[in-house]
Amino acid sequence: MDVGVASTIAKIYDDLVASYDESQAGRDPLAAEYPSFINIEEGLTFFDLCCGTDFLTFELKYAVGARGRVVGVDISENILAIARQPNRQNGVHIEF
């Protein structure tokens, strides 16, 4: 992807950060069930691309347990800053 295009996309999401969670609320009520759909086992590693503020990332981490690893990546640093907030992580370690 062209650097200019990537920067433009990142800025769009950076600007949306204040309302991002509201815009995603209720978007997928089955998110908590996804890990069971694909038989995720404890100890696995997942890479959550375009993770947003934590839509599916935390459900994956709960499924893989303490021995597993989840890495969340997003184009927006501002959205990742929200995902990294300790009150959102609730003691769960995820790499963002």
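The values are calculated or read from the model by the stated rules, or taken from the named source; none is laboratory data. Predicted, not measured: the structure shown is a model, and the values here were computed from it. Cβ atoms come from the backbone with ideal geometry, glycine included; neighbour counts cover every protein chain shown.
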> Among GLU33, GLU77, GLU22, GLU42, which is of a type in the set (Asp, Glu), surrounded by fewer than 16 Cβ atoms within 10 Å (Cβ to Cβ) and modelled with pLDDT under 75?
Replying inline: GLU22
>> Taking the criterion of being farther than 11 Å from PHE96 by Cα and in a helix (DSSP H, G or I), would at least one residue in the stretch 45-55 satisfy it?
In response: no
>> For a quick check of your reading of the model, give me the residue pairs whose first member lies in the stretch 47-61 and is on the phi < 0 side of the Ramachandran plot, whose second is crowded, with 19+ Cβ neighbours inside 10 Å and among the small types (Gly, Ala, Ser), with beta-carbon atoms closer than 8 Å and at least 6 apart or on different chains.
In response: ASP48/GLY72; CYS51/GLY72; CYS51/ALA83; THR53/ALA83; THR57/GLY72; THR57/ALA83
